[in-house]
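K.L.:
Let me begin by handing over the structure; questions about it come next.
Read-outs: derived from the displayed coordinates by stated rules, not from any lab. These numbers come from a predicted model, not from an experiment. Counting neighbours? That spans all protein chains shown, and the Cβs are built from the backbone with ideal geometry, glycine included.
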Amino acid sequence: MTALARTTESPEVPGQPSLEKAVERVLATQLRELRTRRGWSLAKLADETQMSKGMLSKIENGQTTPSLSTLVRLANALDAPLTAFFRGLDEETDVLLVKAGRGLELSPRSEAGHLYQLLGATRGPHHIMEPMLVTLLERTEVFPLYQHAGTEFLFMISGEMQYGVGGSTYLLEPGDSLQFDGEAPHGPRTLITMPVQFLSVKAYGNGSR
C-alpha cells in the first residue's frame, strides 16, 4: 500500500508575518483599491462613513486592524460585500500530489488482474470528489456491480470494454467518457481489448457519501 503525498499550504511559515499583520496588510490593500476604484478621496470616504481621515489613513497604511462594525460601515459606503476586504488573505489549503503509479491501492477492492488506485481524497467538508484509476488486466466471467450516492464520471484511457449502467450497455474505447447516476447498478461487463484502464471520478452532492 502506498501512502498519498499530502501537501498543506499554511501561513505559518518561518519569516512570514503574523496572521494579524497579514490581515492588516490585506485590509489596507483592499480598502485603498475599493476607494480609488470609485474615485473617492480619503476626505470623501470620511464624509460617507462619518469616520475620521486619520483612522482611515491608519487602516489604509496597515497600522491598525478595524473592528467588524467599522468594516460593515466601510462596506456599506463603498457598496461592496464584506468579504471583499479579505481577498488575497492566505488560507490553509488541501493540496494532494500523487505521482504516476503512486496512488493508494485499495486492497479490499483489488484482486488478481484488477487494480483500483485512489488518486486523492481531501478532508472534511471538501471531500466531495473521489478520483480513482482502474486497471483491468484479466477477464472475469462476472464483474461485481457497484451502487453509491452522487454521480460518477468515467474516462477511458486504454483498451476496449462494454460497461453496464442499469439495464443498458455502452461500448467504451480510448477517449470515450461516460457519466451516470451512481445509484444505478453499474460496472464492467465484458473486456474486449486489454489492458483496460480508465479514470473514475465520483462526485458527491453536498458532501454526502
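K.L.:
Between residue 160 and residue 204, what FRET efficiency follows from the Cβ-Cβ distance if R0 is 41 Å, with the result rounded to 0.05? Spell out each step's value before the answer.
P.N.:
Details: r = 29 Å, r/R0 = 0.71.
Plugging the Cβ-Cβ distance into 1/(1 + (r/R0)^6) gives 0.90.
K.L.:
A follow-up question, please. How many nm is it between the label spots at residue 176 and residue 83, if each spot is 7 Å from the Cα in line with the beta carbon?
P.N.:
Those two pseudo-labels are separated by 4.1 nm.
K.L.:
Now, a different point. Could you list 193, 65, 135 so that the one with the fewest beta carbons within 10 Å of its beta carbon is first and the one with the most is last?
P.N.:
Details: 193 11, 65 15, 135 18.
So the ranking, lowest neighbour count to highest, is 193, 65, 135.
K.L.:
Beyond 17 Å, what share of the Cα-Cα pairs of the range 19-86 remains, rounded to the nearest whole percent? Before the final figure, lay out the partial values.
P.N.:
Values: 678 of 2278 pairs.
When all Cα pairs of the range 19-86 are counted, 30 percent exceed 17 Å.
K.L.:
I've got another one for you. Computed FRET efficiency, Cβ-Cβ of residue 184 and residue 69, R0 45 Å: what is it to the nearest 0.05?
P.N.:
E between residue 184 and residue 69, to the nearest 0.05, is 0.30.
K.L.:
Based only on other Cβ atoms within 10 Å, what is the fewest-to-most ordering of 114, 148? Working shown, then result.
P.N.:
Working: 114 17, 148 14.
Ordered from fewest to most neighbouring Cβ atoms within 10 Å, 114, 148 come out as 148, 114.
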